[in-house]
Amino acid sequence: MDPGALLADFRSSIVGHEVRFRRLATNSLLVYIDNEPGDDVGLTLWFEPTWHLRDQTRVLTGSRQAQHDEEAEDPDAGFRLAAAAVDLLVGTTVSTLDIDPVTRDLRLDTTSGLTLCTFISDPASDHFWRIRDNATRVALYCGVDGLEITPPGV
């Protein structure tokens, strides 16, 4: 299958569907559409390495805030604040899923007015984001060379 065709298939399985779970692991954010961790259904989106979540007026959190900060009085305070902000995604419905044609940033909008998107901080990075079908284990991956399909088991 062509990566563009797979993206179209994934988009139709994401838009109009519910965010059921989120997982924040250091500064990587996983968003589960119509599933929860361990399910063999639905799609999982990886937003990494850099991303932010905003509403219609401000940025609520981002990947830098979620990082452990050894220099801070409470090194995990930022992570807890980021986790609380991304909790707002759970239970929302996805209204759009787009990829910027120049930067390849992934953007997910919800009917509640939240926007989650990657932003490229290093154009030579080999990994920008990924979407995986949990039933087939096939993933659409985006890196410096563009969209690629990762076969099951990879």
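The values are calculated or read from the model by the stated rules, or taken from the named source; none is laboratory data. Bear in mind the structure is a predicted one, so any value in this text is a computation, not a measurement. FYI the Cβ positions are ideal-geometry reconstructions off the backbone, even for glycines, and counts take in every protein chain you see. Accessible surface is based on the protein model in full, side chains and every heavy atom, while ligands, DNA and RNA are left aside. Shrake-Rupley method; radii C 1.70, N 1.55, O 1.52, S 1.80 Å.
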For this session: Using just the helices of the chain, give the 222 nm mean residue ellipticity in deg cm²/dmol: DSSP H runs with n ≥ 4 each add -39,500 (n - 2.57), and the total is spread over all residues, rounded to 500.
Result: -4500 deg cm²/dmol
For this session: Evaluate the charge dipole of the chain about its Cα centre and quote only its size in Debye, nearest 20, assuming +1 on the Cβ of each Lys and Arg and -1 on the Cβ of each Asp and Glu.
Result: 340 debye
Problem set entry | Solvent-accessible area, 1.4 Å probe, carbon plus sulfur percent, for the chain | 51 percent
Problem set entry | Whole-angstrom gap from region 69-84 to region 85-154, using each part's C-alpha centre | 25 Å
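How large is the accessible surface per residue of region 1-125, computed with a 1.4 Å probe and reported in Å² as a whole number? It would help to have the intermediate numbers written out before the result.
On the way: 6400 Å² over 125 residues.
So region 1-125 comes to 51 Å² accessible per residue, rounded to a whole number.
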Exercise. At 37 °C and 0.692 mPa s, what whole-number value in µm²/s does Stokes-Einstein give for the translational diffusion of the chain, with Rh from the Kirkwood sum over Cα pairs?
Worked result: 209 µm²/s
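Taking K and R as +1 and D and E as -1, what net charge do the other residues with C-beta under 9 Å from the C-beta of R107 add up to?
Values: positive: none; negative: D98, D100, D105, D109.
So the surrounding residues net to -4.
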For this session: Mind pulling the angle between the C-alpha long axis of helix 3-14 and the longest principal axis of the chain? Nearest 10 degrees, somewhere in 0 to 90.
Result: 60 degrees
Exercise. Between S12 and F119, what FRET efficiency follows from the Cβ-Cβ distance if R0 is 30 Å, with the result rounded to 0.05?
Worked result: 0.75
For this session: Measure nothing fancy, just the Cα-based angle from helix 77-86's long axis to the longest principal axis of the chain, in degrees from 0 to 90, nearest 10.
Result: 40 degrees
